[in-house]
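Engineer: Please see the structure below; I have some questions.
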Number of protein chains: 2
Amino acid sequence: MKREANYTSSLDFNKGKVEMVHGSGGKAMAQLIDELFIKTFSNEWLDQMNDQACFELPAGRVVMATDSHVISPLFFPGGDIGALSVHGTVNDVAMSGAIPKYLSVGFILEEGFPLADLKQIVESMAQAAEAAGVAIVTGDTKVVERGKGDGCFINTTGMGVVPAGINMGGDLVQAGDKILVSGTLGDHGVAIMSLRENLTFETTIESDSQSLNDLVAAMVEVVPDIHCLRDPTRGGLSATLNEIAQQAGVGMQIYEQQIPVKAQVKAACEFLGLDPLFVANEGKLVAFCPEDKADELLAVMQSHSKGQDAAIIGEVTEDSLSFVQMQTAFGGNRMVDWINGEQLPRIC
Amino acid sequence: MKREANYTSSLDFNKGKVEMVHGSGGKAMAQLIDELFIKTFSNEWLDQMNDQACFELPAGRVVMATDSHVISPLFFPGGDIGALSVHGTVNDVAMSGAIPKYLSVGFILEEGFPLADLKQIVESMAQAAEAAGVAIVTGDTKVVERGKGDGCFINTTGMGVVPAGINMGGDLVQAGDKILVSGTLGDHGVAIMSLRENLTFETTIESDSQSLNDLVAAMVEVVPDIHCLRDPTRGGLSATLNEIAQQAGVGMQIYEQQIPVKAQVKAACEFLGLDPLFVANEGKLVAFCPEDKADELLAVMQSHSKGQDAAIIGEVTEDSLSFVQMQTAFGGNRMVDWINGEQLPRIC
């Protein structure tokens, strides 16, 4: 049900700004909720207007994942913080093999933030949620004084349902597993850094920001015994492989020549002094599966629109030191260590 | 399972500061997660170290609620942002009649924030979670540059399970229902405002920040047909009553003399120019129940340690204009409107 609005005038989405009063719990906040959030995200759960959403779930395993988004700038080629905040959490849920269903959203807005920008972000979230088949069912808005925030921060938390028989986790990865990636690496991080550095190329490098739950569903249907899925976001492929190597107590061997990277991204990385292996992705996944299922899994991925450039990039090895090593294009082997320094701040 | 740590030295929780690198997805972030979050929040779900938590739920209704916390200052009499962030979301879940079970946490930290303060906040969250019987099962940490945040913002999102037969919501409130509150109003907001304004009193006014899920469980057991519970946080009792009046299409009549307010809070409100009805609470609830169950419900509340000062403060009326009215101590009737201005910024 909708609240009976009795506001003196509608919000001005052309020239209006976020004010402290929009976070105060009074009438101004109710108006922002009614005229922007409820209107744009409308669904049967959110429309109940309670301080929490209530839904029916079947018995079984449920997955919960959370992500705060502080990306700067808020709008970038290939997306914005709104779409990204949906994709990021949908993907974190999907990486367990679960089907993402419900999202919550928490905004922290800075006083003076243009309502026009907020509207664009909220509409982008709604589109991303619809495309991924999830509903934004509950939310919260806080406002901080000018200079105490940075425009717009967004937390999204997601819930999903794990199909029976699916069991994935970093600790299930074992020596002999093949390592696959779903497409080209580094697109998101390089798109953001190019924008920040005002780099221009013949064609704009776009973020790969997208939801992967449909790709995961297709993969799981054909190869239900995938051992682990992970999206290589902050820290890139390198952080993901090192994390899982330590979690599972194994090593990894990858092959530089098999890792898909767009020529333009490679060129930009050289210019910016970045390594594509350390750069964040927002629409790619890494999969670990039994060796004898790898070709079948690769075929499924390549036949999906979001996995056309998928590749087998290496294998899991026995290694009590949990080293990740890469055979370079020149034939040598080098360690792929975690980044220790601050490579790409506020990339998501 | 725990990650095999191979950090060169432990984090310095005495003099260390949050650095940009703690949000970069690399080794420094992993160290912060290992040495602070996992260590303090440790539970079977979080310890799996995946990007999402997975747990079994029985079939039935599940509730999800989210809250971002931007309170200033971070530490205050009666609590801190850590405990508050657990209480706030536990209460939002519990207000549906659900049993809160799992929380996610998302930190947005400002570069330079003292690790000692972060540790204190995290330990406070862990204690609050344990006291409420909930587990913090998954999390996320972001860091923003100095001047782009304000020390520490915390989002918590909670999940709970609704017992069979319980059905509550603002839209279920109906004319004739009695309105009860669980205790004195205004404590939290006045504690924070007194601190900001450097007011001192003979005894310090403390925030009422606390989890109410045990009180709710006791209430629901005796009166399962409570129509609605709501915690009067931002905007205070006034915002809560107006929200529900509009949601249910009813009016409300309350009686000033029956509303419990501590003498000291009343005095501070007069000094600060505040009205206790508009001031935030973080450990109180408002209940709407059928008239013939009100005395029974009041007795249950008063016999619980968190409801000793509970009172019946009024009743729901038929009113197509959804007015909330209060009979004052002098016998007159006045409208209790929503606050429209910025009364108490960053109160939670």
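The values are calculated or read from the model by the stated rules, or taken from the named source; none is laboratory data. Predicted, not measured: the structure shown is a model, and the values here were computed from it. Counting neighbours? That spans all protein chains shown, and the Cβs are built from the backbone with ideal geometry, glycine included. Accessible surface is based on the protein model in full, side chains and every heavy atom, while ligands, DNA and RNA are left aside. Shrake-Rupley method; radii C 1.70, N 1.55, O 1.52, S 1.80 Å.
Engineer: Checking the conditions here, which among B:Gln253, B:Gln246, B:Gln258 is within 14 Å of another protein chain (Cβ to nearest Cβ), surrounded by fewer than 24 Cβ atoms within 10 Å (Cβ to Cβ) and in contact (Cβ under 8 Å) with a residue 40 or more places away in the chain?
Structural biologist: Sole residue among the options that is within 14 Å of another protein chain (Cβ to nearest Cβ), surrounded by fewer than 24 Cβ atoms within 10 Å (Cβ to Cβ) and in contact (Cβ under 8 Å) with a residue 40 or more places away in the chain: B:Gln246.
Engineer: Could you figure out which of (1) part of a loop (DSSP other than H, G, I, E, B); (2) of a type outside the set (D, E, K, R); (3) open to solvent by less than 30 Å² (accessible area, probe 1.4 Å) isn't true of B:Ser10?
Structural biologist: Unmet for B:Ser10, out of (1) part of a loop (DSSP other than H, G, I, E, B); (2) of a type outside the set (D, E, K, R); (3) open to solvent by less than 30 Å² (accessible area, probe 1.4 Å): (3).
Engineer: Give segment B:40-57 a look and list any residue that's more than 8 Å from chain A (Cβ to nearest Cβ) and touching a helix residue (DSSP H, G or I) at 6+ places or on another chain (Cβ under 8 Å), or say none.
Structural biologist: B:Thr40, B:Phe41, B:Leu46, B:Asp47 - these are the residues of segment B:40-57 that are more than 8 Å from chain A (Cβ to nearest Cβ) and touching a helix residue (DSSP H, G or I) at 6+ places or on another chain (Cβ under 8 Å).
Engineer: Which condition does A:Gly60 not pass, out of (1) within 12 Å of another protein chain (Cβ to nearest Cβ); (2) open to solvent by 10 Å² or more (accessible area, probe 1.4 Å); (3) out of contact with any Gly (no Cβ under 7 Å at 6 or more places or on another chain); (4) on the phi < 0 side of the Ramachandran plot, if it passes all the others?
Structural biologist: (4)
Engineer: A further question on this structure: Could you check segment B:302-348 and list, in sequence order, the residues that are β-branched (Val, Ile, Thr) and within 14 Å of chain A (Cβ to nearest Cβ)?
Structural biologist: Selection gives B:Val324, B:Val336, B:Ile339, B:Ile347.
Engineer: Please give the number of the condition A:Val181 fails out of (1) within 13 Å of another protein chain (Cβ to nearest Cβ); (2) within 19 Å of A:Leu298 (Cβ to Cβ).
Structural biologist: (1)
Engineer: Could you identify the single residue in B:Leu215, B:Leu229, B:Leu274 that is surrounded by 17 or more Cβ atoms within 10 Å (Cβ to Cβ), part of a helix (DSSP H, G or I) and in contact (Cβ under 8 Å) with a residue 24 or more places away in the chain?
Structural biologist: The match here is B:Leu215.
Engineer: Which of the numbered conditions does B:Met193 fail, given that it passes all the others? Conditions: (1) over 19 Å from the mean Cα position of the chain (by Cα); (2) surrounded by fewer than 24 Cβ atoms within 10 Å (Cβ to Cβ).
Structural biologist: Failing condition for B:Met193: (1).
Engineer: Hey, does segment A:92-103 have a residue that's away from every other protein chain (no Cβ under 12 Å), in contact with a helix residue (DSSP H, G or I) (Cβ under 9 Å, 6 or more places away or on another chain) and in a loop (DSSP other than H, G, I, E, B)? Steps first, answer last, please.
Structural biologist: Our first condition is that a residue be away from every other protein chain (no Cβ under 12 Å); within segment A:92-103, this holds for A:99.
Pick out the ones that are also in contact with a helix residue (DSSP H, G or I) (Cβ under 9 Å, 6 or more places away or on another chain) and you get A:99.
Those left that are additionally in a loop (DSSP other than H, G, I, E, B): none.
Looking for residues that are away from every other protein chain (no Cβ under 12 Å), in contact with a helix residue (DSSP H, G or I) (Cβ under 9 Å, 6 or more places away or on another chain) and in a loop (DSSP other than H, G, I, E, B), one finds none in segment A:92-103, hence no.
Engineer: Here's another thing I want to ask about it. Collect the residues in segment A:63-73 that are open to solvent by 10 Å² or more (accessible area, probe 1.4 Å) and either more than 7 Å from chain B (Cβ to nearest Cβ) or free of Cβ contacts under 8 Å to residues at least 40 places away in the same chain (or both), keeping them in residue-number order.
Structural biologist: A:Ser72, A:Pro73
Engineer: Look at segment A:22-33 and say how many of its residues are more than 22 Å from B:Asn91 (Cβ to Cβ) and open to solvent by 30 Å² or more (accessible area, probe 1.4 Å).
Structural biologist: 1
Engineer: Find the residue count for segment B:308-332, including only residues that are more than 17 Å from B:Thr184 (Cβ to Cβ) and either at pLDDT below 95 or not in a strand (DSSP E or B) (or both).
Structural biologist: Residues flagged as more than 17 Å from B:Thr184 (Cβ to Cβ) and either at pLDDT below 95 or not in a strand (DSSP E or B) (or both) within segment B:308-332 amount to 10.
Engineer: Same structure, new question: Quick one: is B:Asp177 open to solvent by 10 Å² or more (accessible area, probe 1.4 Å) and acidic (Asp, Glu)? Can you show your working first?
Structural biologist: Working: open to solvent by 10 Å² or more (accessible area, probe 1.4 Å): no; acidic (Asp, Glu): yes.
So B:Asp177 does not fit the description; no.
Engineer: Residue under question is A:Ser85, and the condition is that it be crowded, with 24+ Cβ neighbours inside 10 Å and within 12 Å of another protein chain (Cβ to nearest Cβ); does it hold?
Structural biologist: Yes.
Engineer: Being in contact (Cβ under 8 Å) with a residue 12 or more places away in the chain and open to solvent by less than 30 Å² (accessible area, probe 1.4 Å): is that true of B:Gln264 here?
Structural biologist: No: the conditions fail for B:Gln264.
Engineer: Would you be able to tell me the number of residues in segment B:307-348 that are open to solvent by 20 Å² or more (accessible area, probe 1.4 Å), in contact with a Leu (Cβ under 9 Å, 6 or more places away or on another chain) and under 15 Å from B:Leu241 (Cα atoms)?
Structural biologist: Matching residues across segment B:307-348 total 1.
Engineer: Given (1) open to solvent by 10 Å² or more (accessible area, probe 1.4 Å); (2) at pLDDT below 95; (3) within 14 Å of chain A (Cβ to nearest Cβ), where does B:Val161 come up short, assuming only one miss?
Structural biologist: Of the numbered conditions (1) open to solvent by 10 Å² or more (accessible area, probe 1.4 Å); (2) at pLDDT below 95; (3) within 14 Å of chain A (Cβ to nearest Cβ), the odd one out for B:Val161 is (2).
Engineer: Just to be sure I understand the filter: pairs with C-beta atoms under 6 Å, separated by 6 or more residues or on different chains, first member in segment A:148-162 and in the same structural domain as A:Tyr102 (by TED's automatic domain parsing), second member assigned to a loop (DSSP other than H, G, I, E, B) and of a type in the set (D, E, K, R). Which pairs pass?
Structural biologist: A:Lys148/B:Asp150; A:Asp150/B:Lys148
Engineer: Let me ask something else. What number of residues within segment B:52-91 satisfy the criterion of being aliphatic (A, V, I, L, M) and either under 23 Å from B:Leu36 (Cβ atoms) or not in a strand (DSSP E or B) (or both)?
Structural biologist: 10
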